[in-house]
1. What about ILE19, is it modelled with pLDDT of 95 or more and not polar (S, T, N, Q)?
2. Working carefully through the options ALA119, ALA101, find the one that is among the small types (Gly, Ala, Ser) and either at pLDDT 95 or above or within 20 Å of VAL155 (Cα to Cα) (or both).
3. Has the range 32-47 got any residue that is surrounded by 13 or more Cβ atoms within 10 Å (Cβ to Cβ), among the small types (Gly, Ala, Ser) and either part of a strand (DSSP E or B) or at pLDDT 85 or above (or both)?
4. Does PRO130 fit the bill of being surrounded by fewer than 17 Cβ atoms within 10 Å (Cβ to Cβ) and either touching a helix residue (DSSP H, G or I) at 6+ places or on another chain (Cβ under 6 Å) or on the phi < 0 side of the Ramachandran plot (or both)?
5. Would you check which residues across the range 70-84 are touching a Leu at 6+ places or on another chain (Cβ under 6 Å) and either surrounded by fewer than 16 Cβ atoms within 10 Å (Cβ to Cβ) or under 17 Å from VAL55 (Cα atoms) (or both) and list them?
6. Would you please name the residue that is modelled with the lowest pLDDT, looking only at residues in the range 77-98 that are under 15 Å from LEU145 (Cα atoms) and outside any strand (DSSP E or B)?
7. Do we find a residue being surrounded by 15 or more Cβ atoms within 10 Å (Cβ to Cβ), in contact with a Phe, Trp or Tyr (Cβ under 7 Å, 6 or more places away or on another chain) and within 22 Å of ILE133 (Cβ to Cβ) anywhere in the range 50-59?
8. Tell me yes or no: at least one residue of the range 89-110 is under 20 Å from the mean Cα position of the chain (by Cα), in contact (Cβ under 8 Å) with a residue 24 or more places away in the chain and either surrounded by 12 or more Cβ atoms within 10 Å (Cβ to Cβ) or on the phi > 0 side of the Ramachandran plot (or both).
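The values are calculated or read from the model by the stated rules, or taken from the named source; none is laboratory data. Predicted model, so just to flag it, every value in this text is computed and none were measured. We place every Cβ from the backbone using ideal geometry, glycine too, and count neighbours over all the protein chains shown.
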Amino acid sequence: MSRSRFLWFAPLLALAFGILAGVAGPKPGGPSGPPLKHSEARDAGETFCPAKTLVYGAIVIPNGRCYLIAVLRDRRGTFLAFAPEDTHIPPGQRVRLDTPAGPKLKGRLFLVPLETDVALVPVNNLTLVPARIDDSGIRLTIVVLGTQAPNPPAVIIDERER
């Protein structure tokens, strides 16, 4: 008698676990977060004009202006640099920051910390980089392309209406 009850109860129990696993399990379609609205690739030296104000901690990058995307490295670390488009930095060339013009240029940049395992540029240098910009409407992900890093360095920046 107990064996027949078990045979009736086992499929019911399996069905319940299957339903619970489907409801509580991971959702297909990648990582959670806002869906991607727009993605574009920019070559080194191409301008980027954010539609919204970009905010990373205390760093506020205003919209309504266009920027060149660069990587800067100094004693403090590596940074994604937003340079005004009128800085006339030639693509493919490194700009040394330990020259007399270096501090003046550095003062015009918006610097966002960039985590990376490899040296993208030498210390006290800046260079324009190609990037992929993924816009979700509330966050902007900027991925530095063309590096030797196994995982391309990326920065996630909040977007705000201002």
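1. Details: modelled with pLDDT of 95 or more: no; not polar (S, T, N, Q): yes.
No, not satisfied.
2. Values: ALA101 fails: either at pLDDT 95 or above or within 20 Å of VAL155 (Cα to Cα) (or both).
Criteria check complete, one pass: ALA119.
3. The answer is yes; a qualifying residue exists.
4. Numbers: surrounded by fewer than 17 Cβ atoms within 10 Å (Cβ to Cβ): no; either touching a helix residue (DSSP H, G or I) at 6+ places or on another chain (Cβ under 6 Å) or on the phi < 0 side of the Ramachandran plot (or both): yes.
No, not satisfied.
5. Of the range 70-84, the ones touching a Leu at 6+ places or on another chain (Cβ under 6 Å) are 70-72, 78-81, 83.
Of everything in the range 70-84, those that are touching a Leu at 6+ places or on another chain (Cβ under 6 Å) and either surrounded by fewer than 16 Cβ atoms within 10 Å (Cβ to Cβ) or under 17 Å from VAL55 (Cα atoms) (or both) turn out to be PHE79, LEU80, ALA81, ALA83.
6. Among those that are under 15 Å from LEU145 (Cα atoms) and outside any strand (DSSP E or B), it is GLY92.
7. No.
8. yes
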